[in-house]
Structures are given as structure tokens and as C-alpha cells.
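Step one of this worksheet: look at the structure below.
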Amino acid sequence: MIKTTTSQIAEILNTKLIGSGDTLIENISTDTRQAVENGLFFALKGEKFDAHDYVEKAIEQGCVALVVERELNVSVPQIVAADTRLALGELAKWLKAKLNPKTVAMTGSSGKTTVKEMVAKILQKLTACDDEVLYTFGNLNNELGVPLTLLRLTEKHKFAVVELGANHIGEIAYTTAIAQPDACLVNNVAAAHLEGFGSLAGVAQAKGEIYRGLKAGGTAIVNLAHYYPQWQQDIGNHDMQSFCYTGEDKDSYADFWAEDVELLLNGSRFTLHSPQGEIAINLPYLGEHNISNALAAASLAMAVGADLATIKAGLEQRSAVKGRLYPIEINQHLLLIDDSYNANVDSMKSAVSVLKNYPAFRIFAVGDMAELGKESAACHQEVADFVAQAGLDLVVSFGKESAVISQNEAYHFTDKAAMAEFLTQLILQKKAENQPLVLLAKGSRSQKMDELIAMLCQAFNVSF
């Protein structure tokens, strides 16, 4: 956040100011648990909470002014808005427009965080200064997370890389209007959050909203393997480019595509084709699906000024993110892979495709997929069928609906500690037999399959 006074912020938000207009604001806060310096606290309200009840704590943490929906009896200036959530978005939109860094945005059912990390690495190579690239921290990609990300902008930032997520129609339309990207894409469309979207068509509709917020002269990028014609209405007259990786000849019809693909146990090698020419890439990300993610990242980065050499340098620098095919090498014979951040049908299949290629005893520890509504049973069965065809050595499951995936009552658990103990004993047995073993854990965030990884790491005295 750039230094701004309370009177300036009240004017930006077109709201009433109570108290001093000269109070200097340098940071934004929505969390009373975090200490800030010269902070402006937004008192957000939800179904089960009202931060207006905790503003004194925010003041104790260093906030020198408040954005509230009703006047409170406090000692600091108050900016009174009709809706503090919308006020947060308006301030972020103002700051983004004022500083105007080149901005890229991405959404999709899976892979968007990996694409974000790849693009950030490329643009950091382009600027030769990490601090000149702002990018979404963690999973702050919703209607609150996107504004909070953009409110971290300062004059030093030349680029912003913004991840947009959603669990209902209209959310991405809202956040992309705040982000105002110069280039954006939908990475893919899959059966995820169906409770909020109703159907796959609903998912496509929601993801396609990202194209509405493109700036004039911006570039809309589409994945030809997941392209929905109704997006054209949102894309309008903007320039459009494409990427595609299916492993088939039709990929070459895209602007960005991969050839001479070689899958490795620690990543892949391929030739990247682009409008600027072609270049060999050694990608240090596990799985075939990450080739598609790399094409997506390359297309976004090139749209805001990156050249092929910079793209290569960025893609070949791995940014390991816990929960996303994060490898933990216990010893030379034992590898754990934490892919626990989230799960849908497509990402489950991608994880299994990674696991099955290892020359080792392969264990898939799978948790339920959540938020699938009435399609849940069918989606779990689809994954079960795919897993059965993969020929893994062992599948263990955790939760309520994933038993169909392990297909063996003895290998289904409702207690994670019991699951960890079972796996620990099996791993010790394989170790005694000198047999290499790879275990991949995956499930929806609600299943917290990272806890299983943590338990196994603890059992073998490895930090996680």
C-alpha cells in the first residue's frame, strides 16, 4: 500500500469520515490476530462473525483508523461505508489503477496456483528483481483475497500476478474487475465446486467471467482443450491467443504448444513452440499436466513482455509449493509426495498418472473430493475406475465417499492416525526388503491429507 491519508481514502470510497483526516495509512488489515504498523482495519461481516465487535483488538495491533459500517465509540478515525467488503474492493481497484503495473490473471479448476508460481518466476527473471513482481500469496484468490493481494502494491512493482478462484457465479466477474488484467486465461474446466456452480456448464460460465475484466488492448488466452464458445461474448474484441497440450497433432494449431515431450521422474523435457519461435525446456515439475501449466504460464508472460530466453529461465527454476505435488525425500528408497491442497476428478487423474510412472512400490493415499453435490458418487466412481486401470500397488482411502476408490474395506480408514500407523508399518516392511516406495497423498482441502504426510514424516524423523 502506498502512503495515504484517511481523508484521501474517504474521498476515494465516497464515504463519511469521522475524526482526523490527516492520519497516515501504510498498511491494510482484516485480521485482528496480526500486528500492523499504521494500519487501516476493515471491519468485515459474515454469516457467523462481525469484526465490529473486535476493533479494539485491531487498534491494539497497530491499526490507526477503521473502515466500518456503523459508527463506533473508539479513539481512532472511522470511515463509515455501506459495505466494508465492497469498500475493500474499491480501494484495491483504485490502487491498482493508480500504480498500473502490468498485470496477468488466471483461473481454472486446477493448476492455477502452479501457473501463478511459474509466471512469477518468469517475470522475476525479466525484471532481475524479485521485489518488482507482486503475486498472490498462498490461496488468497477469492473476493477478499484478491483485494488484499492488490493492496500490497507499491511504486516498486512493475508486474502483478493474480490468481482468481471462485465457488459461485459472479465471484470472478467481481475480482477481475478489481484486478483489471492486461492478459488473462482459464487454465481448464473440470468437475469442481459443483455445489456452487450446479454443473460443468456452470463452472465454465463462472471461469469465463475472467475475460470481462480485461483492460483495453489486453490479451485473452484460451486453452483449446478446454475452450467454450460462449466465452467469446466476454472476450469481445480483445486479441486472443491459445495454448494446448493433449499430446496429439491438433496441439500445433495453438499459438503455444509442446513437441518432443519426454516425461522424467523429476519433471519433463520438451520443445516449447510460441509466436516468438521455439526453445527447449527442462521442466522441474512432476507430471504431464504441468506441461500444459507451463504453456499457460509462457503465454501469460509473453503477453506482458517476456521473451523466450526469459521464459526458459523462469520455467526451469522450480518453485516448490506444499500441497501441490510437493516431494519429500525421506531417504534414497522412500519418497512422499504431498498433493493435498485440493482435489477434483481431473487433478486426481493427473496425480495418479504421476504416481504410476515411478519404478517403485506405489501407494495412493486418497481422501474424499468435496463440494461435488449430487454428482459426488459418480465423480468418485470415475476416479475409482481410473485408479483401477493404473495398476498401482496399493490404494488406501480416507473419509466417507472414497472407499469406492480403494475398493477394499481393509484399506479404507475413518481415523487418520490409524491410517498413518498402517502405512508406517508397511513402509518399514518394504524398507526391510530394500524395495523403493513412493506414496502420494491427495484429497480435497477439507480432508487435510497433509496431516497424513506430517504423521509419516514424524514417524521417520523428517521435518515437514
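The values are calculated or read from the model by the stated rules, or taken from the named source; none is laboratory data. None of these values were measured; they are calculated from a predicted model. Note that each Cβ is placed from the backbone with ideal geometry, even for glycine, and that neighbours are counted across all protein chains shown. Accessible surface is based on the protein model in full, side chains and every heavy atom, while ligands, DNA and RNA are left aside. Shrake-Rupley method; radii C 1.70, N 1.55, O 1.52, S 1.80 Å.
Which of the residues belonging to the stretch 259-316 are out of contact with any His (no Cβ under 7 Å at 6 or more places or on another chain) and of a type in the set (Asp, Glu)? Those that are out of contact with any His (no Cβ under 7 Å at 6 or more places or on another chain) and of a type in the set (Asp, Glu): 260, 262, 278, 288, 307, 316. For the residues 40, 66, 72, 126, the requirement of being part of a loop (DSSP other than H, G, I, E, B), over 19 Å from residue 180 (Cα atoms), of a type outside the set (Phe, Trp, Tyr) and in contact with a strand residue (DSSP E or B) (Cβ under 9 Å, 6 or more places away or on another chain) singles out 72. Looking only at the stretch 264-302, residues that are of a type outside the set (A, V, I, L, M, F, W, C), more than 13 Å from residue 111 (Cβ to Cβ) and not in a helix (DSSP H, G or I) come to 13 in all. Is the stretch 79-87 home to any residue that is over 21 Å from residue 209 (Cα atoms) and in a helix (DSSP H, G or I)? Yes; the residues of the stretch 79-87 include at least one that is over 21 Å from residue 209 (Cα atoms) and in a helix (DSSP H, G or I). Just the residues that are open to solvent by 10 Å² or more (accessible area, probe 1.4 Å) and over 19 Å from residue 124 (Cβ atoms), please, taken from the stretch 94-108. Those that are open to solvent by 10 Å² or more (accessible area, probe 1.4 Å) and over 19 Å from residue 124 (Cβ atoms): 94, 97, 98, 100. Quick check: is even one residue across the stretch 110-117 β-branched (Val, Ile, Thr), under 24 Å from residue 28 (Cβ atoms), under 9 Å from the mean Cα position of the chain (by Cα) and modelled with pLDDT under 95? Taking every residue of the stretch 110-117 in turn, at least one turns out to be β-branched (Val, Ile, Thr), under 24 Å from residue 28 (Cβ atoms), under 9 Å from the mean Cα position of the chain (by Cα) and modelled with pLDDT under 95.
For every residue, the table says whether it meets (1) modelled with pLDDT of 95 or more; (2) within 14 Å of the chain's Cα centre (by Cα); (3) more than 26 Å from residue 379 (Cβ to Cβ); (4) part of a loop (DSSP other than H, G, I, E, B).
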{"residue": "149", "(1), (2), (3), (4)": "yes, yes, yes, no"}
{"residue": "155", "(1), (2), (3), (4)": "yes, no, yes, yes"}
{"residue": "160", "(1), (2), (3), (4)": "yes, no, yes, no"}
{"residue": "178", "(1), (2), (3), (4)": "yes, no, yes, no"}
{"residue": "191", "(1), (2), (3), (4)": "no, no, no, yes"}
{"residue": "196", "(1), (2), (3), (4)": "no, no, no, no"}
{"residue": "203", "(1), (2), (3), (4)": "no, no, no, no"}
{"residue": "207", "(1), (2), (3), (4)": "no, yes, no, no"}
{"residue": "210", "(1), (2), (3), (4)": "yes, no, no, no"}
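Taking the stretch 331-416 and the helices (runs of 4 or more DSSP H) fully enclosed by it, the elements with 1 or more residues that are open to solvent by 40 Å² or more (accessible area, probe 1.4 Å) and of a type in the set (A, V, I, L, M, F, W, C) are at 376-390, 403-406.
Under the condition of being among the small types (Gly, Ala, Ser) and within 17 Å of residue 297 (Cα to Cα), which residue from the stretch 222-251 is surrounded by the most Cβ atoms within 10 Å (Cβ to Cβ)? By that ranking, first place goes to 242.
Cβ-Cβ distances below 6 Å connect the following pairs, each with a first residue in the stretch 59-74 that is at pLDDT 95 or above, a second residue that is of a type in the set (Phe, Trp, Tyr), and a separation of six or more residues or different chains: 63/41; 66/41; 67/42.
Residue count for the stretch 13-30, restricted to those that are surrounded by 13 or more Cβ atoms within 10 Å (Cβ to Cβ) and either part of a loop (DSSP other than H, G, I, E, B) or of a type in the set (Phe, Trp, Tyr) (or both): 7.
Can we say residue 305 is open to solvent by 50 Å² or more (accessible area, probe 1.4 Å), in a loop (DSSP other than H, G, I, E, B) and in contact (Cβ under 8 Å) with a residue 12 or more places away in the chain? Yes; evaluated as a whole, the condition is true for this residue.
A count restricted to the stretch 308-324 and to residues that are touching a helix residue (DSSP H, G or I) at 6+ places or on another chain (Cβ under 8 Å), open to solvent by 10 Å² or more (accessible area, probe 1.4 Å) and closer than 25 Å to residue 453 by Cβ stands at 5.
Quick check on my filter: what residues within the stretch 109-158 are basic (Lys, Arg), out of contact with any helix residue (DSSP H, G or I) (no Cβ under 8 Å at 6 or more places or on another chain) and either open to solvent by 20 Å² or more (accessible area, probe 1.4 Å) or over 27 Å from residue 206 (Cα atoms) (or both)? Correct list: 112, 152.
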